[in-house]
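Engineer: What follows is a single structure, and I will ask about it in a moment.
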Amino acid sequence: MSKVVLVIPTMHQGGAERVMSELANAWSAQQHEIHLVLLAKSKSFYYINDNVIIHNLGFSHSQLLNKIFNELKVFFKLRKILKEQNPDFVLSFMSKYNILTILAASNLNLKVFVSDRSNPKKQLPFLISFLRKITYRFAHGIVAQTSLAKSVLEENTGNRNIVVIPNPLKAVSVCENIEKDKIILNVGRLVEEKGQKYLLEALTKIKDTEWKIAILGDGPLYDQLKEQAEKLGLSDRVIMPGVVNEIDHWLTKASVFAFPSVSEGFPNALVEAMAAGLPCVSFDCDAGPRDIIIDGKNGYLVPVRDVEVFASRLETLINNAAIRTRLSKEAAKIVNDFGVEKISDDYLAFCMGQ
């Protein structure tokens, strides 16, 4: 069996954190020795099984001098763990922390694999971009989430040992005793990149006023989106319960899934909705949806920020149960390609096979 060290800042709710938890749980269930290093102080949103050994390094944001001191302290703590554990490989997520991990493992003769988790075209701060270009060439390998991410990383880092592995699909339990309702569902953090404001605009163009939108998630734009819904006269048609634990309940209850993201790394929420058999309408942003949706076959792709077409596709699904059923059946087939067992095995094969 292998010994693996996984590195991530926190286990807060998020796509990268969910994937890391899935990998940790899957590998530990296979009797591999898994060490999960959490760089910052945080409460875990995701379940981690008892066989995973967790190291909390306790970084906390504070005044500038204290922050620098804390960063140095975390660097040396991480290096100490890597040296003491001497794992078969190290896997780190997220650009800034990947740089830290590569540097902390320098001269320790360890295999370090890294993975960026955001839109590959996203503009990084200059220092992070500069350090990534220098350090990533020393990574033993890089896991990209999409083909676009791979090509961008090859160009920007010079590393040629890059493989595309999509995110594992969270197990979705369809609740048989729940009836479908006239709900268009969206799940995601309430930030600009997720584009919920375009979904609200689209709702104003949908003639059937019995249909409602449910936006699950929290974030800095919560109050702004509430205010937008009120100004558009949609308050009675928009449900915003914040973060919910029973997402499967909503996936079962909804009839359509809307994904208006304008920037993505890999769209976990979209994959989960398709696995639950929801017909989906998505913006065709740079990375993610086009790797998953074949337009017109298992969902709809719409030009980014084109609210008119987005609303039109939603209306097509609202007005035609036969199309909803056809797209639903095709969407559900996604489970064959994104199962946790398959994706975790792909990661392991790449990291152990190098």
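The values are calculated or read from the model by the stated rules, or taken from the named source; none is laboratory data. Everything numeric here is computed off the predicted structure, so don't read it as measured data. Here the Cβ positions follow ideal geometry from the backbone for every residue, glycine too, while neighbour counts run over all protein chains shown. We work out accessible area using only protein heavy atoms, side chains counted, and drop any ligands, DNA or RNA first. Shrake-Rupley method; radii C 1.70, N 1.55, O 1.52, S 1.80 Å.
Engineer: Between Ser173 and Ser2, with labels modelled 7 Å along Cα→Cβ, what's the label distance in nm to one decimal, could you check?
Structural biologist: Output for this residue pair reads 3.0 nm.
Engineer: Moving to a separate point now. Quick one: among Gln85, Gln30, Gln13, which has the greatest mean-square fluctuation in a GNM of the chain with alpha-carbon springs under 10 angstrom?
Structural biologist: With Cα springs under 10 Å in the chain, the top fluctuation among Gln85, Gln30, Gln13 is at Gln30.
Engineer: Give me the percent of Cα-Cα pairs in the stretch 1-99 that sit more than 23 Å apart, rounded to a whole number.
Structural biologist: Within the stretch 1-99, distances greater than 23 Å cover 23 percent of Cα pairs.
Engineer: Under a 5 Å amide H to amide H cut-off, with H placed in plane at 1.01 Å, what residues pair with Val187 once short-range neighbours are removed?
Structural biologist: Those qualifying (amide H under 5 Å, at least 5 residues apart or on another chain) are Leu216.
Engineer: Can you pull the percent of Cα pairs in the chain with separation above 40 Å?
Structural biologist: Value for the chain (Cα pairs over 40 Å): 16 percent.
Engineer: For the stretch 132-189, what D do you get in µm² per second when you plug the Kirkwood radius from alpha-carbon pairs into Stokes-Einstein at 20 °C and 1.002 mPa s?
Structural biologist: Reported coefficient: 145 µm²/s.
Engineer: Same structure, new question: If you stretched the chain out fully between Arg137 and Ser312, how much longer would it get, using 0.36 nm times the residue separation minus the C-alpha to C-alpha distance?
Structural biologist: Working it through step by step, the gained length comes to 58.4 nm.
Engineer: Under a Cβ-Cβ cut-off of 12 Å, what is the net charge of the residues other than Leu221 that fall near it, where Lys and Arg count +1 and Asp and Glu count -1?
Structural biologist: Cβ neighbours under 12 Å give a net charge of -1.
Engineer: Gain in length, Val262 to Lys122, computed as 0.36 nm per residue apart minus the alpha-carbon separation, to one decimal in nm?
Structural biologist: 49.3 nm
Engineer: Per DSSP helix of 4 or more residues, -39500 (n - 2.57); summed, then divided by the residues of the chain. What does that give at 222 nm, rounded to the nearest 500?
Structural biologist: So the calculated ellipticity at 222 nm is -12500 deg cm²/dmol.
Engineer: So, one more: Measure off, as a whole percent, the carbon and sulfur share of the 1.4 Å-probe accessible area of the stretch 80-154, all protein chains present.
Structural biologist: For the stretch 80-154, the apolar C and S fraction of the accessible surface comes to 54 percent.
Engineer: Also, I was wondering about something else. Ignoring ligands, DNA and RNA, what accessible area per residue does the chain give at 1.4 Å, in Å²?
Structural biologist: Roughly 46 Å² per residue, with all protein chains present.
Engineer: So what is log10(I(q)/I(0)) for the stretch 266-325 at q = 0.12 1/Å, when the Debye sum runs over its Cα atoms only?
Structural biologist: Values returned for q = 0.12 Å⁻¹ are -0.26.
Engineer: While we're here: Count charges around Pro166 for me, please; just the other residues with Cβ under 11 Å from its Cβ, Lys/Arg as +1, Asp/Glu as -1.
Structural biologist: -2
Engineer: In sequence order, what are the phi-derived ³J(HN,Hα) couplings for the stretch 196-209 according to the Karplus relation 6.51 cos²θ - 1.76 cosθ + 1.60 with θ = phi - 60°, rounded to whole Hz, with x for glycine and proline?
Structural biologist: Whole-Hz 3J(HN,Hα) from phi for the stretch 196-209: 4, 4, 6, 5, 5, 4, 5, 4, 5, 9, 8, 6, 6, 7.
Engineer: Carbon and sulfur together cover what percent of the accessible area of the stretch 5-53 at a 1.4 Å probe radius?
Structural biologist: 49
Engineer: Which value results when the Cα radius of gyration for the stretch 61-195 is divided by 2.2 N^0.38 Å?
Structural biologist: This ratio for the stretch 61-195 stands at 1.33.
Engineer: Right, another one. For Phe76 and Arg305, FRET efficiency with R0 = 56 Å and r from the beta-carbon atoms, rounded to 0.05?
Structural biologist: 0.75
Engineer: Follow-up. To the nearest 0.05, what FRET efficiency results for Asp236 and Lys205 with a Förster distance of 25 Å applied to their C-beta separation?
Structural biologist: The calculated FRET efficiency here is 0.90.
Engineer: Also, I was wondering about something else. Going by alpha carbons, how many degrees (0 to 90, nearest 10) lie between the helix axis of 222-231 and the longest principal axis of the chain?
Structural biologist: On a 0 to 90 degree scale, this one is about 20.
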